[in-house]
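J.: Could you have a look at this structure, given as structure tokens, before my questions?
The values are calculated or read from the model by the stated rules, or taken from the named source; none is laboratory data. Please read these numbers as outputs of a predicted model, since none were measured by experiment. Here Cβ is always computed from backbone atoms with ideal geometry, including for glycine, and neighbour counts include all displayed protein chains.
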Amino acid sequence: MTKRMWIIGLSSLLGLAILGVWLWPAAPELPRRPGYLRIDPPASAPVSLRELAVSSSLPYDFEVHGSATWEGRSERGWGDIVYPWCRGRLQLTYKAVDGQLAELIDDAHKLAFKHSVVADGIAQKLYIHPERQVYAVMFQLQGNAASAVQFFATDSTNHFIRGAAYVYAEPNADSLAPVNAFFEAEVVRFLESLEWGEGKNPPPFTDSYDYQSEVDIYHADPEKGLKG
């Protein structure tokens, strides 16, 4: 075999190898699990709501995360606690009981269960602190609901407050899981430090709350407080 033929044969083999690699079917792409940006609340000490709402006359007070701001409304006790870091807010409405506690509780349940159309489930957790006359229920809505955390609280005779957390982003339970967990902890902070009236600031937040899962409160006795 001459040198020329050897070179021609080697070139042909290289050409066939390159052609084979080019025509070789590509491996199917494996599906990737969706990834989400990490969302962490900024480190900040809690503050009294009245410190934020200095120009408002509030018939209640509790502690909020130090990153929050307050947007008051014309109705007494109404307003939004705004959390810029997650584009979220907790909308608060307030009513004097005036003997209408059962109706107010029914309305709070109806508003929470309006989200059941898109929610995968709703858990209700009861909070009771008789020494401070705080009786409350927190609603945790699973799935892609527009409001994943709601609550109401009352002293059973004079005051009734309701709150609903909203995040101004596409409802996605996976991507918003850290934010929803933050709002659940924030509501616990509210209920632990809640005081009625326009007096002193609430006591420091402690982690001693006592929840009873999966309960419904629809009836009330103004003299004995709430009962299941």
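J.: If only one of Ala164, Ala169, Ala136 is within 25 Å of Trp70 (Cβ to Cβ), surrounded by fewer than 16 Cβ atoms within 10 Å (Cβ to Cβ) and touching a helix residue (DSSP H, G or I) at 6+ places or on another chain (Cβ under 9 Å), which one is it? If you could, list the steps in order and put the result at the bottom.
T.: Values: Ala164 fails: surrounded by fewer than 16 Cβ atoms within 10 Å (Cβ to Cβ); Ala136 fails: surrounded by fewer than 16 Cβ atoms within 10 Å (Cβ to Cβ).
The conditions single out Ala169.
J.: What's the number of the condition Pro130 fails, among (1) within 17 Å of Pro46 (Cβ to Cβ); (2) at pLDDT 50 or above; (3) surrounded by fewer than 15 Cβ atoms within 10 Å (Cβ to Cβ)?
T.: Status for Pro130: all satisfied but (1).
J.: Scanning segment 24-69 for residues that are touching a helix residue (DSSP H, G or I) at 6+ places or on another chain (Cβ under 9 Å) and more than 30 Å from Ala96 (Cα to Cα), which turns out modelled with the highest pLDDT? Give the steps one after another, and end with the answer.
T.: Initial filter on segment 24-69 (touching a helix residue (DSSP H, G or I) at 6+ places or on another chain (Cβ under 9 Å)): 36, 38-42, 46, 48-49, 56, 58, 60-65, 67-69.
So of that shortlist, the ones also more than 30 Å from Ala96 (Cα to Cα) come out as 36, 38-42.
Details: Tyr36: 50, Arg38: 59, Ile39: 66, Asp40: 72, Pro41: 74, Pro42: 79.
Filtering segment 24-69 for residues that are touching a helix residue (DSSP H, G or I) at 6+ places or on another chain (Cβ under 9 Å) and more than 30 Å from Ala96 (Cα to Cα), the one modelled with the highest pLDDT comes out as Pro42.
J.: Considering (1) at pLDDT 95 or above; (2) in a helix (DSSP H, G or I), say which one His115 fails and leave the rest.
T.: (1)
J.: If a residue must be surrounded by fewer than 22 Cβ atoms within 10 Å (Cβ to Cβ), in a strand (DSSP E or B) and at pLDDT 90 or above, how many such residues does segment 139-157 contain?
T.: Going through segment 139-157 one residue at a time, the tally reaches 0.
J.: Would you confirm, using the coordinates I've provided, whether Ala102 is part of a helix (DSSP H, G or I) and either surrounded by 14 or more Cβ atoms within 10 Å (Cβ to Cβ) or among the hydrophobic types (A, V, I, L, M, F, W, C) (or both)? I'd like the intermediate steps shown before the answer.
T.: Working: part of a helix (DSSP H, G or I): yes; either surrounded by 14 or more Cβ atoms within 10 Å (Cβ to Cβ) or among the hydrophobic types (A, V, I, L, M, F, W, C) (or both): yes.
So Ala102 fits the description; yes.
J.: Let me ask you something else. Which residues, counting only those in segment 57-101, are among the small types (Gly, Ala, Ser) and out of contact with any Ser or Thr (no Cβ under 8 Å at 6 or more places or on another chain)? I'd like the intermediate steps shown before the answer.
T.: Our first condition is that a residue be among the small types (Gly, Ala, Ser); within segment 57-101, this holds for 57, 66-68, 72, 74, 77, 79, 88, 96, 99.
Listed by number, the residues that qualify are Ser57, Ala68, Ser74, Gly88, Ala96, Gly99.
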